[in-house]
Amino acid sequence: MRLFLRAVFAVVVLGVSVPALAKGVSETDLREHIAVLASDEFEGRKPGTEGEAKTVKYIAEQWAKAGLKPAAGDGSWFEPVPLIQRGRGGATYAFNAKGRKLRIVSDEIVLIGKESAYAKKDLPVVFAGIGVKSDGSVGADVAGKLALVLFEADNAPAKMKSPRARREALIEAGAEGVIFVGDSQGNWPTLRRQLLSRPIGLESREKRANLEGAISSEFAVAMVTAAGRDWDKLRAHAKGADYAGESLGVEADFNVTTDIYRFKSSNVIGKLAGKKKGSGAVLYMGHWDHLGICAPEDAPDRICNGAVDNASGIAVLTEVAQRLAKKRHDRDIYFIATTAEESGLLGAYAYADKPVFPLEDIVISLNVDTIAIAPRNSKVAIIGRGTTSLDATVEAVARKTGRAIESSTDANDFIQRQDGWALAQKGVPALMVGGSFADLDLMQKFLGSDYHGPNDELTDQTELGGAAEDADLHIALGNYFADTRKYKAAKAGE
């Protein structure tokens, strides 16, 4: 990420004609790729590591062997994606109220600056509750101040529940700093670990306060109590739907250094040139990255190999490319293996911001991710159902390959968690199509067990039956949408 035969005869139903497939993709075909990409030798495929170098080299070699041509902006296989990591350096701090330094015995605080050095004195501290009101706006006056924000926000509006969304809203409102408060008995260890893990960012799209960080609830209680306030009452106030925040009467002094590492990762881009210039393009996507060496040093297995997520997707793209390359299509067909999806769809956003061909030329974008979940004969779900005019056409193609359809919109719960979302926001008709997200109980079983852990490895039990069928489906979709006689639209949105 050989022998599975299927005959699909050219039939016309709802205007969809699907050519016969003489040879389908087999589980063995997929397993061979996954065995390489999810091997310990590739060290979990984290961007910026030796694992990345091995991964993108393997993909380029396999795509060249399949018949693709390099299609990055410089004519190579590799489109640079500038990334940044920030790690904790050193920090001194003091919290003051009414001219006196507050005594805080807890040391459970992590501070990260936007730049390598940050110094500020007499920075007013505001308790902002969950950070937003019921309408998603920021109620507290945080401009030029340090916002103290509760990490958990069950009472936040649906689109603002994530800490990232609330943090960015506070930054838009002018916050100089944003510090989350984590519960020591629950999410503080997770919050601390996230900040110390040197998360990867796409600097061109970052929204960061000059100072960000986290403290434990014990630290918050000590600070607030020392300032003569009641933490329990403050938390109770924060449960109000339109809580507007309040000043704590506290000012802070900071001197913070941050370790900053800038590096270039790569999206891998290949192309099958079409016969009819100006007729548009079909785009396949899938992310190559995973989490790298992710477990503590004393763990028996430290590598998050990412066999299902998403070596399986790259395996499918490679086999689809090999079969689509056997003939010349009307439209161009592009394949992109993206970097840093696990860090927030960063490679996809980088491509959306700087595409190597016009986004409006894309007649359909198909993202392939976490595909080795469902068994054979699973229904086909569409992530992005209802967001384009393509649902009926995609379903008709799927039926011609012998697949049943999951007609609900339940799979759309994942729409913002996959690379197609970055393109969809630019108006591209972007979908995920296949069996893995048709049975959400099965998907949740994976998400609650092997997902993002060392156990996401290729084993004899790894389910590749549905992935092989989904690969055949994607071949059929490519054949259909790349044919100007069968699919007439030449531009996104037509």
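The values are calculated or read from the model by the stated rules, or taken from the named source; none is laboratory data. These numbers were taken from a predicted model, which means no experiment stands behind them. Please note: Cβ atoms are built from the backbone with ideal geometry, for glycine as well, and neighbour counts cover all protein chains shown. Keep in mind that these areas ignore ligands, DNA and RNA; they rest on the heavy atoms of the full protein, side chains included. Shrake-Rupley method; radii C 1.70, N 1.55, O 1.52, S 1.80 Å.
The antiparallel fraction among DSSP beta bridges confined to the range 280-380 stands at about 15%.
Accessible surface of the range 39-173, 1.4 Å probe: 49 percent of it comes from carbon and sulfur atoms. Loop-located trypsin sites (Lys or Arg not before Pro) in the range 134-164 (DSSP state not H, G, I, E or B) with no more than 16 neighbouring Cβ atoms inside 10 Å: 161.
Along the axis of the charge dipole computed for the chain (Cβ charges of +1 for Lys and Arg, -1 for Asp and Glu, origin at the Cα centre), the listed residues 340, 119, 283 are led at the positive end by 283. Here residue 400 is the anchor, and the lysines within straight C-alpha reach of less than 24 Å, apart from those fewer than 8 places off in the same chain, are 23, 326, 327, 379, 486, 488.
Here the sum of -39500 (n - 2.57) over DSSP H runs of 4 or more residues, divided by the residues of the chain, equals -7500 deg cm²/dmol at 222 nm, to the nearest 500.
For the range 66-71, backbone phi angles converted through the Karplus equation (6.51, -1.76, 1.60; θ = phi - 60°) give residue-by-residue couplings of 6, x, 6, 10, x, 9 Hz, Gly and Pro being listed as x. At a probe radius of 1.4 angstrom, the accessible area of the range 395-481 per residue rounds to 38 square angstrom. Each Lys and Arg contributes +1 and each Asp and Glu -1, all at the Cβ; summed about the Cα centre of the chain, the dipole is approximately 1480 debye. Subtracting the Cα-Cα distance of residue 225 and residue 161 from 0.36 nm times their residue separation leaves 20.3 nm of extension gain. Residue by residue, the range 44-53 carries 3J(HN,Hα) couplings of x, 6, 7, x, x, 10, 4, x, 4, 4 Hz when phi is fed to the Karplus relation 6.51 cos²θ - 1.76 cosθ + 1.60 (θ = phi - 60°); x denotes Gly or Pro. Give the label of the value calculated from the structure for log10 I(q)/I(0) by the Debye sum over Cα atoms at q = 0.07 Å⁻¹, choosing from (1) -0.60; (2) -0.36; (3) -0.42. Among (1) -0.60; (2) -0.36; (3) -0.42, the one calculated here is (3). Counting only lysines at least 8 places from residue 46 when in the same chain, those with an alpha carbon closer than 21 Å to its own are 54, 57, 264.
Most simply put, the range 99-188 has about 10% antiparallel DSSP beta bridges, counting only bridges with both residues inside it. Lys-Lys pairs in the range 63-121 that are eight or more residues apart or on separate chains and whose Cα atoms lie under 26 Å of each other come to 5. Assuming charge only on the beta carbon of Lys and Arg (+1) and of Asp and Glu (-1), the dipole of the range 347-443 about its Cα centre is about 260 debye to the nearest 20.
Residues in the range 352-369 carry Karplus couplings, in order, of 4, 6, 9, x, 8, 9, x, 4, 5, 7, 7, 7, 7, 10, 10, 9, 10, 8 Hz; the curve used is 6.51 cos²θ - 1.76 cosθ + 1.60 with θ = phi - 60°, and Gly or Pro positions show x.
When both bridge partners sit in the chain, DSSP labels roughly 65% of those beta bridges antiparallel. Partners of residue 426 within straight-line reach, counting lysines whose Cα lies under 21 Å from its Cα and excluding those fewer than 8 residues away in the same chain: 159, 207, 354, 491.
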